Structure formats: structure tokens, C-alpha cells
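Each reported figure results from applying straightforward, stated rules to the coordinates on display, with no laboratory input. Only a predicted model underlies this, so the values are computations on that prediction, with no experimental measurement involved. Here the Cβ positions follow ideal geometry from the backbone for every residue, glycine too, while neighbour counts run over all protein chains shown.
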Amino acid sequence: MKIIGLTAALLLVGLGATCVYIYGAGNYRHVPLPAGNIPVPRGRTLPWNADSAFAAEVRREWAAKPLRDWATRGKDDVPRVALARLLTRERLPEVNAYLLGLRPRGAAGSKWALNPGGDYDFSVTVFTTVLWLCGDDATALYPATREHLVRVLLTEDGGAFSTSAPRTLGLSKETENHILMTEGSRYLKNRWLHAHGDTAPRHDNLANGMETRLLALLAETAASGLHEFNSQPYVAYTLTALLNLEAFASAPVRAAARDLLDYLNWSYALGSYGLRHYPPFRRSYGYASAPSLTFGYQTVFIHAWLSYAPGPFNPPAIPGLTGNHALIATSLPYRPPDAAVRLLSEKSPGTFVRLGHGPGATPEIYSAGPGFLLSAGGVHRGEASMIAARPTVLLLNDRAADLAEVFHLAGPGPDFRRWNNTGVHAQFACAAGPVHVPARFTAHGARGPWRLFAAGSGLSVAVYSTPTLGLLAVFPRPAADDLLAAVLATNPDEAALRRTFVFPGGRTLTYDVSSPPDRWVMIADSGQPLDRDFDRWPLIDGRL
């Protein structure tokens, strides 16, 4: 009976680990990568405004929401409504009474068969923000409410630092966002208690080892980049956890969290244009076909921060960006470094960058110049990779916000699992499928599969499109008959186009749109071999 019981227990654990893997945790490891030749900027001199109309709108919107039962409001809506009301000082007796009546709605960590009440760390993370922003203001968060928040609703404290998914006996690693939310909140509750007179060693982050472990986790993540890069929706929760640490932790932890935030936002700036961002990502497949170019959750944070920016850096309003993550972004003090803010809107004189994400991942590849950004769609690396490849897109200096409104290409076929959309180099993109041309563009000239388009800002886009091959080249000059003629003259053989494109002037790019999923589609630039093994690429490399 003991043997049978042990076998059943091991089987149950195995099945549980598998369930956790299927639902997102899985086993992964951070692999340190070279930093690359483009350092992350850190300088901050911009005179940020103290408040913004957008921030006020977000707080009013959230403060007006009703306080309902946990089950009907989602895992983090209730604490956000409470935060908004406390910040706006609206209906304070009601929100205090409501918080006093709450009990934890579950447990921290990923939700799965043996942890059915999981995901409570989503709530704990925002309640941590509430405590640190409002806990010392007894006229907003009443003393009894604060004690209930600390002693009852904030369930994580002490030194029990863990990177394993709950109830898997350490056999399955927890996801990054859950680790950062759970352990960051544990650390900050300890820090609050210690700063407010609790001398118990379990709440001393130096004595219990939390400071050391958290710094090691942040350093490990900074050296390898996020495993859940560009994740939809999880990057938003990673950002929230890091923003809490950047605002409220000790000086060393604050600096480490700020450095990681700067890397994430510099990467976003390199790969976006006009707050439009359409990169490949890891987790979740359901968002792979989302057509909105402004949907990404990091865009919400960037837009919220820029609403405080001075003069020309303050962005236009984007519909739909007043959601829950905007509330957190506008409530905490972090702001991106100056160079990232400038690069978000200004792509002159130009960039070509490659962002590595380590073994078994996809790279990000971007080419930009005055008036445009080419964003490679990436490559799927098998079901276990949880990577969603996307079409390669050309973003222009306009207000296009949907995939159908921009030039894009992908292939073969419609299934992203078959794509290797890494075919981007400076001012050039290729894929094993046709080029989509938005309906608003009319060809200036055409010959066979070739068409030439005026793309605004003095740009021209040459497109070669067949069912099995798409090529796109961007030229910093107005569309003219002689430009199309020059492209045709340097590329007279259609059969050769499956392998080689020659720019007027002689620059030659060699590629293989049927490359295996572990190789960059681009092979050579004017005869110089390119490093195609993107599993080993640095974090950020290229030229600015």
C-alpha cells in the first residue's frame, strides 16, 4: 500500500507539473547573454510634469467603478478601485469599510489543479501599492484598515523566497511575473513592518536573506532578459512588480529594478514607432492574431508615463489606453530615461538593431529611419517555446493603428507556427509569403510582381509580391519612375530574387526565406556573412 501510495503521489505530482507547464509556468532557465554594443541609457534630465490630465482621467475612471464581490470584479480590479478612491479621496468611509470586510480570495502563484485558488498575488501586488502610497495617511487609509491590509490581505511575508510553482515539490519553475509579484510583495511587506517598529528577524530583509535573493533574481533577469519577453498580458504584471520595487525598496533593490525597467523600455523604444509596437512574444497564443498595433500592455505604461512629459514628448491620446495598468503607471514615480523618450518618436538618422532572447527563443529585429520602422515578426520555436510569431510590419509616420492599415508580410501560409519571419535587415524585409498593401495606397508604378509606393515623409516603398515570396525595400526618396527602373535594373532575374536582392548602388542582401526555425533568414550583406545563430545573440546589438 505504501508503494502504491508513493507511486500515486509521484504520478499526481508529475501530472501537476505538466498542468502547470501547460498553463504557463514550465521549466526554464535564465541564460546570461552578452550585453551587446548598444548600452541601455540611464540619464535623466527631462523636466517631467508633476501631474497630467491623462492621470487625472484614469483615477476618476477607476474611482467611479463600483466595489463589488471579488469573483465578479476579477483578480486585481478590487484593489485598483480602492487605490483610485484613496488617491482621489472619494467615498473614503465606504472604501475603508469595504476593505475591512475582505478576506484573501486565494493563494499566491499560478492557478492549477492542486492550487485552484491561485493568482492571489495579482491582488497582493496592487494592495502593496495601496499600503505604501496610502498607509501613512490615516485620513485616507484608516489605521484599522491599514492593519487589516497588512495582517490579513497581504499574505506573503518572512524569508520563504521561492521560484517554484506552488505544490509541485520544486519540480516546475514558476513564471517570472508570479515570482516578481509574490517575492516583491513579500519583501515590501517585510520592509513596511520593519520600518514601522516590527523587529522580528523574519521581517528583516537583510537577516532573512530576502534582500540578497531578490537582488540575485534581478541581476539574473537583467543578464538574460525576460523569459516572458513582450508577453501578452503578463509583461504588465512584471512591470507592476518592478515599479513597486523601484518606488519602495532599499536603495540597491530600487537601483536594480530601475535598471531592468530601463532595459525593457529602451527595448520598447528601439522596436516601436509612435506608440505602435508589434513584436513577437512569449505567452499567450490567444493574442497572436490581435490586429491592433497599440494593444500591447507595455504601450499602456509608456503612454501613461509620457502623459507627464514636457512639450513635444507628450503623446496624443490613444483610445482604450485608460485601463487598469495605466492607473499603476500614473501612481508610481518611475519615468523612462531621456534617450528612450526621444527615440520613441524620433527615428532619425536611423537604427538597425537585433535583440537576443537566448536559446530556444526568437530574436527581435528592427530597422528604422526618418519616417519609418520595420519590425520583424520573429519565429515560432515549437509548442513548448510558447512563442507567437507575427507578421513583419512597416510602420510609417502616420496614425495607422491596425494591421490592415500597414504594409506587412508573413509566410508560408496563415499559421504562425510555420513562419520564420526574421527576414529583416536595414531598410529591407522578406518572407515566404505575399506582401499585404493597405487599401489606402496606390502604386506609383508597377511591373509584373513589382510595385512602387509613395509612403509619406519623402519615403518610397518597393514591393515584390507573389504567393510564396514577398520583398519590401524602403528608400529615403520620393517615388519616381527612375527609382522603380533602378530597382528592376539591379534585380532583372526573378529566379535570383528568391535568394538575393540588390539595392541600386550595389548593396546586396542574401537570404533564405525557407530557413529552419533556429536560423536568421538573412545570410550575407554585400558578401559579408552574417551571424545567423540568434540563440547566441547579445541582448542589444547593432547600430544607432
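Couple of notes before you dig in:
- Test: residue in the stretch 75-85 that is of a type outside the set (D, E, K, R), assigned to a loop (DSSP other than H, G, I, E, B), in contact (Cβ under 8 Å) with a residue 12 or more places away in the chain and within 28 Å of residue 229 (Cβ to Cβ): no
- Of the criteria (1) under 17 Å from residue 365 (Cα atoms); (2) touching a His at 6+ places or on another chain (Cβ under 7 Å), which one residue 417 fails: (1)
- Residues in the stretch 507-518 that are touching a residue at least 24 places away in the same chain (Cβ under 8 Å) and surrounded by fewer than 17 Cβ atoms within 10 Å (Cβ to Cβ): 514, 516, 518.
- Taking the stretch 300-311 as the range and being of a type outside the set (Ser, Thr, Tyr) and more than 21 Å from residue 400 (Cβ to Cβ) as the test, the residues that pass are 301, 304, 305, 309, 310, 311.
- Selection over the stretch 148-198 of residues that are under 21 Å from residue 236 (Cβ atoms), assigned to a helix (DSSP H, G or I) and in contact (Cβ under 8 Å) with a residue 40 or more places away in the chain gives a count of 10.
- Of all the residues in the stretch 439-495, those that are among the charged types (D, E, K, R) and part of a loop (DSSP other than H, G, I, E, B) number 4.
A quick yes/no check of all residues on (1) touching a residue at least 40 places away in the same chain (Cβ under 8 Å); (2) surrounded by fewer than 23 Cβ atoms within 10 Å (Cβ to Cβ); (3) of a type in the set (A, V, I, L, M):
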residue	(1), (2), (3)
246	yes, yes, no
250	yes, yes, no
278	yes, no, no
287	yes, yes, no
290	yes, yes, yes
304	yes, no, yes
309	yes, yes, yes
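- Among the candidates 371, 378, 350, residue that is over 15 Å from residue 519 (Cβ atoms), surrounded by 19 or more Cβ atoms within 10 Å (Cβ to Cβ) and of a type in the set (Gly, Ala, Ser): 371
- Any hit, the stretch 99-110, residues being more than 30 Å from residue 336 (Cβ to Cβ) and assigned to a helix (DSSP H, G or I): yes
- Of residues in the stretch 163-179 being over 13 Å from residue 112 (Cβ atoms) and not acidic (Asp, Glu), the one surrounded by the most Cβ atoms within 10 Å (Cβ to Cβ): 177
- For the stretch 111-131, the tally of residues that are in contact with a Leu (Cβ under 9 Å, 6 or more places away or on another chain), surrounded by fewer than 18 Cβ atoms within 10 Å (Cβ to Cβ) and either part of a helix (DSSP H, G or I) or without any contact (Cβ under 8 Å) to a residue 40 or more places away in the chain (or both) stands at 0.
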